[in-house]
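The values are calculated or read from the model by the stated rules, or taken from the named source; none is laboratory data. Computed from a prediction, not measured in an experiment: that's the story for all the values here. Positions of Cβ are generated from backbone atoms using ideal geometry, with glycine treated the same way; all protein chains shown enter the neighbour counts.
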Amino acid sequence: MMNRRNFIKNFSLIGFGLAGSAALRALAEDIPELEDFNLKIITDDSERAVTLLEAILARSLSVYKNLKFSECPLAGQHVADLVLIKNRRLIDYRNAIDELAAGLREVARSLGLPKKVENPVLMKFYTEDPRRAPKTIDIFGNNILLKRLSLTEDEGAHQITSERGGVTLVIRNKSAKITAATCQHQTCVKMGAINAAGQSLICLPNQLRISIEGQAGSGLDGITF
Amino acid sequence: MASHSKKFLACTAILICCPLVIRAQTGEEPFFEISATKFLMGTQVDLLAQHESIHLCKRAFSAAFGEMERIENLLSAQMETSEIGRLNQNAGRAPVKISYETLALIKRAVDYAKKFDGYFDIAIGPISELWGFGYGKKIVVPDRRRLAALLPLVNYAKIIINERDTTIAFGRDGMKLDLGGIAKGYASDRVAAILKQHGIKNFLINADGDIYAAGRKNNLQKWSVGIQDPRDQQTLMASFELSDFAVATSGDYKRFIEVDGKRYHHIFDPHTGYPAPLCQSVSVLAPTAEEADAWATYLFVIGFEAYKKISSPQTPAALFVDTNGKIHWESIWENKFFLRFLD
C-alpha cells in the first residue's frame, strides 16, 4: 500500500530546488519561461474530482493555455491524496493563501482526502518542460499503473509479472531495457533500451507497457512507426 | 473640470475592459490537453485532444475506446467468436451471415485488392498463421512445400460476398481472412467520427503508429508527428505536420525473427507467402486512416521502383526507406506537410 510519505516521494521525484536559476536560464536561452505546474491526485471518485478541479484550474490558471491532463487506474490499495508541485517545489496547499490553494483545500475536503481507497485512479494536471531530463519510469499492466520506478536511482533488474508471465526490466545508466520475456515473439526484447521522455517498451502478449514519463520526441504529438 | 474627470475615468474604464472583451471574443479560454492510452486490438492506442472540458473528453474517449473494443470483437482473426473468427472457421463450407458493417469492410478490402493487383490481400490468413505472426505462436520459417500448398488459398477473388443476404462464403475450404492491413485504419476512422460526434474538433489518434489528426494542436501549430528510424526503434528520422489527414507506416521491424542473419517479418507478399523484401518501412499520407493503412501495406510489398511507375496525382504521398536504408520521398511531404529530417 502506498502511504502519504511514499505518495509525495514517488510523485515529487522532479523534486525540490533547481527553481532559482530557471528564469535566468530561460532568458539566457531566449525562450519564454514555462512555469512548472504539476498537480497529482489519487482518488476513487475521478468524475467528481475532475468536475471540482476543472473549474478551479480554469479559474486559477488562465496563464496555462495547454495544461495537460491524463489519468490511469492504479493497482491495489492506496491513500487517496493530492500533491501540488509548482516550479519544482512542493506546495503546502493546506496552508498557502492563494486562490488555487483555497480551491484545492475545498477539493480535498469535498473528497475526504486523505483516505484509504480501493481501485483508485491517478489523475495528473501538468505542464511539461521538454528540456528536463526524465526521472521516472511507469509500469502499466493491462492499462493499470502497477508501479513507478526511478530511472536515476533504481538500478538493477526488476521482475514485472503479468497474468501470462512477465518480463525482466533492467535499469542502468538512466536507461531501461527488457532483457527477457516469457512471450513467444520477443518483440519487446528487440526494442532495445529507452532513455528519453515518452519512450515506451511494449510487450503485447503480456499486456505490459513500460514508459518513461514525459512527452515523446521533443514536443512531437505522435510517432508513426 | 468635473466633467473632464468623468470622461477620463470612463475612458480609463473602457481601456481596462478592452483586453477582457477582446480576450473573451477571441475565445482565449484555458485549454486542456487531454491524453489517454489503452491496449486494444492487440496494440497500444493513444488518444490526445485539445478541449476546454476534461469531462467531455473523458466521455468521448470512453466512447471511442468502447468503439475500438466493439470493432476488435467483430474483426479480430484471433478471436474465435468474432465475425472474422466465425468466417474463418465456417465460410469454407457454407455462407456465414455477418453484420453489414463487417461485410462492407471486407468488400472495400476486396476492392483494394483488385486495385492493388493482389499485392494487398486479406485472404493472407493461412500464411500469417503458418508463420505464427499474430497468433501467439512461436514464429518459425515454414517448410517451403507447406507454404506452397497454402498459397492457392490466398485469393481475394474467391471471397464470395452476398450483399442481399449479408453473407460471406469462401470459394475454397481452408481460406482465412486477416484484416491486419486495414482493420486498425478503419477503427481509427470510426474513433475519429465518435470524437467529432462529441464535439471534439482538435484531436490525434495513434493506433500502433497509424495516426489520424483532426484540426490543430493550437492556434499556431498543426499536430506534429515523428517518423521512427526503422533500424533504431528509439530514434526519429524525420518529423512533419498533420491536420485533418492520416499517416500509416508499415515496417519490417514491428514483428520479426532473425534466422542465420536474415530478417523475416510479418508483412507478406501474397504472391510468394514470404516477407516482402524491398523495404524497411513505408509511411503513407491519406485523407483517411483506412486508406493510409491499406496503401502502406501495399506499397511496402511492391517497393519504391514499382511505386514510381504507378504514381499519379491520385496516388497517396509515400516516404520509403528501401532495403538498403535509402530514403525516397516526394516534394509534397515538404511543401504541404513540412517534412524535415532530424539529425
Item to check | Failed item in (1) more than 7 Å from chain B (Cβ to nearest Cβ); (2) at positive phi, with A:GLY192 passing the rest | outcome: (1)
Next on the checklist: Whether any residue in region A:207-214 is within 27 Å of B:ASP210 (Cα to Cα), crowded, with 22+ Cβ neighbours inside 10 Å, under 16 Å from the mean Cα position of the chain (by Cα) and hydrophobic (A, V, I, L, M, F, W, C) is what I want to check.
Outcome noted: yes
Checklist outcome for this item: Residues of region A:197-224 being more than 19 Å from B:TYR264 (Cβ to Cβ) and facing chain B (nearest Cβ under 7 Å), in sequence order, are A:GLN199, A:ILE202, A:GLN207, A:ARG209, A:GLY217, A:GLY219, A:LEU220, A:ASP221, A:GLY222, A:ILE223, A:THR224
Checklist entry - Just wondering, is there one or more residues in region B:234-247 that are free of Cβ contacts under 8 Å to residues at least 24 places away in the same chain and either within 9 Å of another protein chain (Cβ to nearest Cβ) or assigned to a strand (DSSP E or B) (or both)? => result yes
Next on the checklist: Quick test of your reading of the structure: A:THR152 fulfils all but one of (1) closer than 26 Å to A:ILE194 by Cβ; (2) outside any strand (DSSP E or B); (3) modelled with pLDDT of 90 or more. Name the failing condition by number.
Outcome noted: (3)
Item to check | Criterion (facing chain A (nearest Cβ under 9 Å), of a type in the set (Val, Ile, Thr) and either outside any helix (DSSP H, G or I) or out of contact with any helix residue (DSSP H, G or I) (no Cβ under 7 Å at 6 or more places or on another chain) (or both)) met by exactly one of B:ILE200, B:ILE227 | outcome: B:ILE227
Next on the checklist: When you scan region B:80-98, do you find a residue that is part of a loop (DSSP other than H, G, I, E, B) and under 26 Å from B:ARG263 (Cβ atoms), even just one?
Outcome noted: no
Next on the checklist: Whether any residue in region A:194-205 is farther than 26 Å from B:LYS217 by Cα, in contact with a Lys or Arg (Cβ under 7 Å, 6 or more places away or on another chain) and small (Gly, Ala, Ser) is what I want to check.
Outcome noted: no
Checklist entry - Quick check: is even one residue across region B:266-278 under 19 Å from the mean Cα position of the chain (by Cα), away from chain A (no Cβ under 14 Å) and either in a loop (DSSP other than H, G, I, E, B) or surrounded by fewer than 20 Cβ atoms within 10 Å (Cβ to Cβ) (or both)? => result no
Checklist entry - Of the residues B:LEU177, B:LEU130, B:LEU150, B:LEU105, which is part of a loop (DSSP other than H, G, I, E, B) and buried (at least 18 other Cβ atoms within 10 Å of the Cβ)? => result B:LEU177
Checklist outcome for this item: Sole miss for A:VAL170 among (1) over 18 Å from the mean Cα position of the chain (by Cα); (2) modelled with pLDDT under 90; (3) within 17 Å of A:LYS147 (Cβ to Cβ) is condition (2)
Checklist entry - strands (runs of 3 or more DSSP E) wholly in region A:11-124 with at least 1 residues that are away from every other protein chain (no Cβ under 14 Å) and at pLDDT 70 or above - which ones? => result A:37-43, A:78-80, A:82-86, A:89-91, A:115-117
Checklist outcome for this item: The residue that is surrounded by the fewest Cβ atoms within 10 Å (Cβ to Cβ), considering only those in region A:175-189 that are modelled with pLDDT of 90 or more and either under 28 Å from A:THR127 (Cβ atoms) or within 8 Å of chain B (Cβ to nearest Cβ) (or both), is A:SER175
Checklist entry - Going by the conditions given, is B:LEU285 farther than 23 Å from A:GLN199 by Cα, part of a strand (DSSP E or B), more than 9 Å from chain A (Cβ to nearest Cβ) and among the aliphatic types (A, V, I, L, M)? => result yes
